[in-house]
Amino acid sequence: MLGLDNAGKTTIVKKIMNEDVNTASSSKQLSMRGDVGGQKTLRSYWRNYFEKTDALIWVVDATDRLRIDDCRDELHGLLQEERLSGASLLVFANKTDVQGCMDETEILQGLQLKAIRSHRWHVLRCSAITGENLREGLAWVVEDAKARLFLY
């Protein structure tokens, strides 16, 4: 799970793990990997987490119009990583419970998702605070990855 800082990655993980989302703490791992900090100084380390990655969950702060271009550039740069080749891409448009947030069309255009041909992708509005669509997003990731994997 990746995204810019303050997108809500830690809160999403906490909500999925049924932890209190109102307390600040370091993120926990989800499965074998958790979310990785999104501060600009940490982004160069993201590629260290890509080994055996079948899906990428990209979290976007739907209230942060000022950084949507930065968000797009980081996402498109990541998708060029060889170790992410073919990985499913779920874009969680987080904080959509906040009035005035970007709608799905703005997210699609801002991230230029229709230009992505190398990965199957899906955008889902969500709220890390209420839990809206978090389980549905994880279910999509599992089903999409499962459809691509050859099982013995």
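The values are calculated or read from the model by the stated rules, or taken from the named source; none is laboratory data. Just so it is clear, the structure is predicted and the values come from calculations on it, not from any experiment. Every residue, glycine among them, receives a Cβ derived from its backbone with ideal geometry; neighbour counts consider all protein chains shown.
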Across the stretch 122-152, the tally of residues that are out of contact with any Leu (no Cβ under 7 Å at 6 or more places or on another chain), modelled with pLDDT of 95 or more and surrounded by 14 or more Cβ atoms within 10 Å (Cβ to Cβ) stands at 8
Let me spell it out: the conditions are (1) touching a Cys at 6+ places or on another chain (Cβ under 9 Å); (2) outside any loop (DSSP other than H, G, I, E, B), and Thr63 meets all of them except one. Which number is the exception?
(2)
Checking Asp73 against (1) free of Cβ contacts under 8 Å to residues at least 12 places away in the same chain; (2) closer than 15 Å to Val141 by Cα: exactly one of these is not met. Which one?
(2)
Taking only the stretch 93-121 into account, find how many residues are under 16 Å from Ala145 (Cβ atoms) and either surrounded by 15 or more Cβ atoms within 10 Å (Cβ to Cβ) or in contact with a Cys (Cβ under 6 Å, 6 or more places away or on another chain) (or both).
3
Scan the stretch 88-128 residue by residue and report those that are touching a residue at least 40 places away in the same chain (Cβ under 8 Å) and in contact with a His (Cβ under 9 Å, 6 or more places away or on another chain).
Ser88, Leu90, Leu111, Gln112, Ile116
Of Gly100, Gly77, Gly38, the only residue that is among the small types (Gly, Ala, Ser) and modelled with pLDDT of 95 or more is Gly100
